[in-house]
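Accompanying notes for the structure given below.
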Amino acid sequence: MEVDFSQDELQAIEVHKYHLSQQEGRDVGFDYAALDWLRYHAKDWRMRHMMALERRAIEEHKWLESERAQRDLGAEAVFDWINRYAAQWREWYEQEYCRIEA
């Protein structure tokens, strides 16, 4: 199998391989685990992964802007991030992590 997985995906597949190997009582091999992960788990994993990274970017923006304003901007900073950065962030994420479609 020749697939260009991200580092985060490779780690998720290794964990999946471990659990599959435990279930079957033998080493199932990376290719088998990767194919199974792509078929049954990649879509949900990628959605959770994307949401976690996006939340982290929003929280970082909120913190930086609140520091700059010397007060907690809360939702104001969240909406600012959405308006200013969400589209380009999604574009970056898709280029970085969505090269493979299950």
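The values are calculated or read from the model by the stated rules, or taken from the named source; none is laboratory data. Nothing here was measured: the structure is a model prediction, and the numbers come from that model. Every residue, glycine as well, gets a Cβ built from its backbone with ideal geometry; the counts of neighbours run over all protein chains shown.
When Arg46 is tested against (1) in contact with a helix residue (DSSP H, G or I) (Cβ under 6 Å, 6 or more places away or on another chain); (2) modelled with pLDDT under 95; (3) within 30 Å of Ile82 (Cα to Cα), exactly one condition is not met: (1). Within the range 58-69, does at least one residue satisfy the condition of being at pLDDT 95 or above and in contact with a Lys or Arg (Cβ under 9 Å, 6 or more places away or on another chain)? Within the range 58-69, one or more residues are at pLDDT 95 or above and in contact with a Lys or Arg (Cβ under 9 Å, 6 or more places away or on another chain). Selection of first residues in the range 20-34 that are assigned by TED's automatic domain parsing to the domain that holds Val3 and more than 20 Å from Val3 (Cβ to Cβ) and of second residues that are at pLDDT 95 or above and assigned to a helix (DSSP H, G or I), restricted to Cβ pairs under 8 Å at least 6 apart or on distinct chains, gives an empty result. Looking across the range 4-38 at every residue that is among the small types (Gly, Ala, Ser) and in contact with a helix residue (DSSP H, G or I) (Cβ under 6 Å, 6 or more places away or on another chain), the one that is surrounded by the fewest Cβ atoms within 10 Å (Cβ to Cβ) is identified as Ser6.
Count of the range 61-94 residues, restricted to those that are hydrophobic (A, V, I, L, M, F, W, C), exposed (fewer than 12 other Cβ atoms within 10 Å of the Cβ) and in contact (Cβ under 8 Å) with a residue 12 or more places away in the chain, is 0.
Quickly run through the range 39-53 and pick out the residues that are surrounded by 12 or more Cβ atoms within 10 Å (Cβ to Cβ) and closer than 14 Å to Ser6 by Cβ. Result: Ala42, Trp45, Arg46, His49, Met50, Leu53.
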